[in-house]
Amino acid sequence: MSHLAGHTNYEDGHWLVGSGACIRSSDALTLVSSLLVFVAKGDGTISSMETQRMIDLLSSRLRISSAEALESLSAAVMSMADDEDFLQTLRTISEELSTEDKRRVFTMMLEVAAADGKQDPREIEAVNAASRILGMRKEEVHRAFKTYFADHQHTR
C-alpha cells in the first residue's frame, strides 16, 4: 500500500522508504502531521481551509481515515507545545526518509501553505524552517519550490 506515493510502501506496521530504510508508520505520521501543523501555524493561526487541507492530504497520501488524520494533527499540536525534544525527534525521524520522500513531504507543506489562498511570508519561512528539520539541502528546496510553482501556475 503506497503512503507518500512512489517508492514509499507500508508493510508490517512500518514504512519502507525509497532508500530501503524502514521506519514505524506512527513515526512517519507524527513527522508529516507535525510539519504540516508547523507550516499552517506559520502565520499565527490555522484556518479552517488549512485544517481541511491537512486532513485531506494525510487521508489521501498516507491512506488513513479522516478521524485518524485529525487525531494525529491534534497530537502534533499538543506535542509541539509540551515536548522539549520534539524538534530533535522530528529530525531523527527525518533521517530515515529518502530524498524523494522528503520532497513529497515538502510538497504537502506547500499545499498547506497555499490552502487559504493567502501568501504570507511567515508561512513561507515556516516551510523553509521545516525543510531544515527534514534535512533538505538548499538546492533541493529551491528545486522543489520551482517544481511546485511550475506545476501549479496553470491553476491560478
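Could you please let me know if Ala67 is over 20 Å from Leu90 (Cβ atoms) and modelled with pLDDT of 90 or more? Answer is yes for this residue. Looking only at residues of the stretch 88-101 that are among the charged types (D, E, K, R) and surrounded by fewer than 22 Cβ atoms within 10 Å (Cβ to Cβ), we find that the one that is farthest from Val141 (Cα to Cα) is Glu96.
Check off (1) crowded, with 21+ Cβ neighbours inside 10 Å; (2) at pLDDT below 95 for Val37 and give me the number that stays unchecked. It fails just one condition, (2). Does Ala129 meet the test of being small (Gly, Ala, Ser), within 14 Å of the chain's Cα centre (by Cα) and either over 22 Å from Thr147 (Cβ atoms) or modelled with pLDDT under 90 (or both)? Against the criterion (small (Gly, Ala, Ser), within 14 Å of the chain's Cα centre (by Cα) and either over 22 Å from Thr147 (Cβ atoms) or modelled with pLDDT under 90 (or both)), Ala129 does not qualify. Only one of the numbered conditions (1) touching a residue at least 60 places away in the same chain (Cβ under 8 Å); (2) farther than 17 Å from Ile133 by Cβ is violated by Asp56, and that is (1). Looking across the stretch 119-139, the residues that are more than 16 Å from Arg91 (Cβ to Cβ), assigned to a helix (DSSP H, G or I) and free of Cβ contacts under 8 Å to residues at least 60 places away in the same chain come down to Pro121, Lys138, Glu139. Scanning the stretch 47-81 for residues that are aliphatic (A, V, I, L, M), more than 15 Å from the chain's Cα centre (by Cα) and surrounded by 13 or more Cβ atoms within 10 Å (Cβ to Cβ) turns up just one, Met49.
Selection within the stretch 1-34: residues that are of a type in the set (Val, Ile, Thr) and part of a helix (DSSP H, G or I). The member of this set that is modelled with the highest pLDDT is Val32. Beta carbons closer than 6 Å, at least 6 apart along the sequence or on distinct chains, pair a first residue in the stretch 85-111 that is farther than 20 Å from Gly42 by Cα with a second that is β-branched (Val, Ile, Thr) for Glu96/Ile23; Leu97/Val17; Ser98/Val17; Asp101/Thr8; Asp101/Val17.
The values are calculated or read from the model by the stated rules, or taken from the named source; none is laboratory data. Note that the coordinates shown come from a computational prediction; the quantities given were computed from them, not determined experimentally. Cβ atoms come from the backbone with ideal geometry, glycine included; neighbour counts cover every protein chain shown.
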